[in-house]
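Below is one structure, written out as structure tokens; the observations come after it.
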Amino acid sequence: MKGKMKNIIYILLFLPIGMLAQEKEQVKEEPVKIKLAEKQILRKGNDLFKQKKFVDAEVKYIKALKENPNYENAGYNLGNAVYEQKRYKEALPQYELVAKSTRDNATKDKSFHNIGNVMMKEKQYDKAVAAYKSSMLLDPSDEETRYNLALAQKLLKDQQQQDQNKDQNKDQNEDQNKDQNKDQNSENKDQKQDQDENNKDEKDQKEGDNKNDDKEQKNEGDQKEKPQQPQPNQLSQQQIEQLLEAMNNEENKTQQKINADKAKGKKVKNEKDW
């Protein structure tokens, strides 16, 4: 606790964090105008707390607060009992209420110190630093609070450095992903362009083949419809017919001439006059 830490602060440098951030001792000073019954309930709670019966102590402190909601010592000690049960978030409002409402600097000092302890447990080191500083303003000679403040400042610096590294790594990863996506998009674009060009070439080739086929088919049709022309050194059918007709006519003329010649040289047979 507060008094014990003054002589052994350097020894605590080698202890785990959990052993450093201990809640301060129960408030022993009792405010004025507290009924005897309320004081007795508080003392029973304190006895149970010393026996580490934190659940039973919590019950007594709650009972004391029901008797008197303004009983600051009961509120502070309730925070300690809940803190020892590792219910840090539930302990926090008890400390904050006492720190805000009490007029006793010693009680306020202890409340801010324990607020810092809760924030250390929650790893909210910036709020822990603020709470320990508030406690130091009330008691600058408190070595326990001073050490916890230094520890919180170191952890806060480490946390900020880690966050900065995470942000840098995140930015680097985002930039790297952007570059990769850009390269991939460029590659995909080039591939698409090549594919489009190939498709265009294939299309042009196909259209050219179709045009050639159409031209060949057209030529074949033209050849079928167009009269067959005679080949060189080859007579046409009409020429052949004309030639045959001329030959026939020539042959007829020759035959007629032969017949005529025969008719001229034939002897007349004289019939006897019997």
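Note on Gln159 and Lys123: the model spin-label points, each 7 Å out from Cα along the C-beta direction, lie 0.9 nm apart. Calculated FRET efficiency, Glu90 to Gln168, Cβ-Cβ distance, R0 = 25 Å: about 0.10 to the nearest 0.05.
The Cβ shell under 12 Å around Gln172 holds other residues with a net charge of -2, Lys and Arg each +1, Asp and Glu each -1. Taking 7 Å steps out from each Cα toward its Cβ at Asn248 and Asp190 produces label points 8.4 nm apart.
Element breakdown for segment 61-200 at a 1.4 angstrom probe: carbon and sulfur atoms account for 44% of the accessible area.
Once all protein chains are placed together, Ile115 keeps about 20 Å² accessible to a 1.4 angstrom probe.
At q = 0.10, 0.12, 0.17 Å⁻¹, what base-10 log of I(q)/I(0) does the Debye formula yield for segment 46-196 when every alpha carbon is treated as an equal point scatterer in vacuo? For segment 46-196, the Cα-only Debye profile gives -0.50, -0.62, -0.97.
The values are calculated or read from the model by the stated rules, or taken from the named source; none is laboratory data. All of these numbers come straight from a predicted model, not from anything done at the bench. Here the Cβ is made from the backbone with ideal geometry for all residues, glycine too, and neighbour counts use every protein chain on show. Side chains are part of the model used for accessible areas, which takes the heavy atoms of the whole protein and leaves out ligands, DNA and RNA. Shrake-Rupley method; radii C 1.70, N 1.55, O 1.52, S 1.80 Å.
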